[in-house]
Amino acid sequence: MFEVDAVEARGDAAGALRLIEAMPLGPDGRPWWRPSRIRRLQQVVDLGESAPAWVWAKWVVSQAAQSTPGDPVRAVEVATATRGGRRTLWGVDQVDAQAKVMDHDWVYRQLVLHEYAGLAAYLEQRAGQDLVRRAAGIDGWASAPMRALELVGEEATRIQWLDLASLEVVETINLGAAAMLADGECVIGRVVEADGTTLFESAPLCVPRDVARRVAAEPGEWLAVLADACRDATSPILVHLVSRFHEFDLLCDLPPGIRRQVVQPEDPDLGSDQIGTGGNGSEYDVALVLAALADEIDVEGDDDDGCSCGQDHSPRPLASLVAAALVEPGTVEALRPLLVPSDGRALMRLCRVLPEPADQVCRRLAIRVADAA
């Protein structure tokens, strides 16, 4: 385990995967490694040199979170108290419940990485020079302040937010954070930059408007504000969002099981028990990409429904969700035998509207289809 940690810190995802594959089981004979970790490593390997700086930077953040240098015991205690105490814990036993706090709790992640300086410590003590070099801009992530933002617009590759403190418009790459939000809804999170790309260092947290306004007024008191809101009996959904919703994916701000419920691609190979519920994840992702190629779903969110009422009924762009499906491990391999040379034009059209790095994955797939013609 320590060897895998060290290889990851050097930025060698392929080497880390080889070590994991050499010892898949723990001393009790059960799977030892978190599936989310294996998935992240495979995504980094699949992207290779086409991975932009922000992907490397988010991988550094994931490594820091799993190595927990930022007082994890205290972070678990404070995070549990913030969301309402031990009654909010979930798991098969105490050890499992604590692991779920570390894996899913939004407050825990913010505490261990930022408030307790875990990310700064990881960068200083463990991260290799080559990894930090690839993650251009990561040096400023550890000190990024908490911000409160209101969703004002979404495009295929970008999301526009209004900073409720400065009243300035902030534009981030579209990694799906707005897919389940309506215009005017609010989030809190840390906005960072990597080699010219602006994004959230971790998936932002959707909060009620009054919570966002209080955080905007006193960013340093975000923890107390959130604790007050979680104790409010009228806001049980907030406790769920804090404690259970997030999986902190590398390439998407929505957990796989959630994003697979946002849109329902029609595919005869997917049963009704699978579509819209996540189902078999790989089959769902393939169906979604095929639907995008066939123009069966609105990737850019600019379809005109012909309404003359004067109101904007434009659907949400689905590009970020198609992108997330495309960069899931195994999707490209499953797509290749299903594509024919005539799909090349649709692939090139799709790659022009997908956010990075999915655009490069799509372009490589288009080239392979053309070469096979």
May I ask you to list the residues in the range 28-51 that are open to solvent by less than 20 Å² (accessible area, probe 1.4 Å) and either outside the structural domain of Met102 (by the TED database) or in contact with a Phe, Trp or Tyr (Cβ under 8 Å, 6 or more places away or on another chain) (or both)?
Val44
If you check Asp130 against the conditions, is it within 22 Å of Pro255 (Cβ to Cβ) and among the charged types (D, E, K, R)?
no
Would you check if Leu162 is touching a Phe, Trp or Tyr at 6+ places or on another chain (Cβ under 8 Å) and either crowded, with 17+ Cβ neighbours inside 10 Å or at positive phi (or both)?
no
Output for the range 3-42, where each listed residue is out of contact with any helix residue (DSSP H, G or I) (no Cβ under 8 Å at 6 or more places or on another chain) and closer than 29 Å to Cys362 by Cα:
Asp12, Arg18, Glu21, Pro35, Arg39
Go through the range 354-371 and give me each residue that's of a type in the set (A, V, I, L, M, F, W, C) and either assigned to a helix (DSSP H, G or I) or surrounded by fewer than 19 Cβ atoms within 10 Å (Cβ to Cβ) (or both).
Ala358, Val361, Cys362, Leu365, Ala366, Ile367, Val369, Ala370
Residues satisfying the stated conditions in the range 10-27, i.e. touching a residue at least 24 places away in the same chain (Cβ under 8 Å) and either over 16 Å from Ser67 (Cβ atoms) or open to solvent by 10 Å² or more (accessible area, probe 1.4 Å) (or both):
Arg10, Gly11, Ala14, Leu17
Specify which of the listed residues (Val76, Val60) is under 26 Å from Leu89 (Cβ atoms) and either open to solvent by 20 Å² or more (accessible area, probe 1.4 Å) or out of contact with any Gly (no Cβ under 7 Å at 6 or more places or on another chain) (or both).
Val76
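The values are calculated or read from the model by the stated rules, or taken from the named source; none is laboratory data. All figures in this text were calculated on a predicted structure; none of them were measured in a lab. Cβ atoms come from the backbone with ideal geometry, glycine included; neighbour counts cover every protein chain shown. For the accessible areas, the whole protein counts, side chains as well, though only heavy atoms, and no ligand, DNA or RNA atoms are used. Shrake-Rupley method; radii C 1.70, N 1.55, O 1.52, S 1.80 Å.
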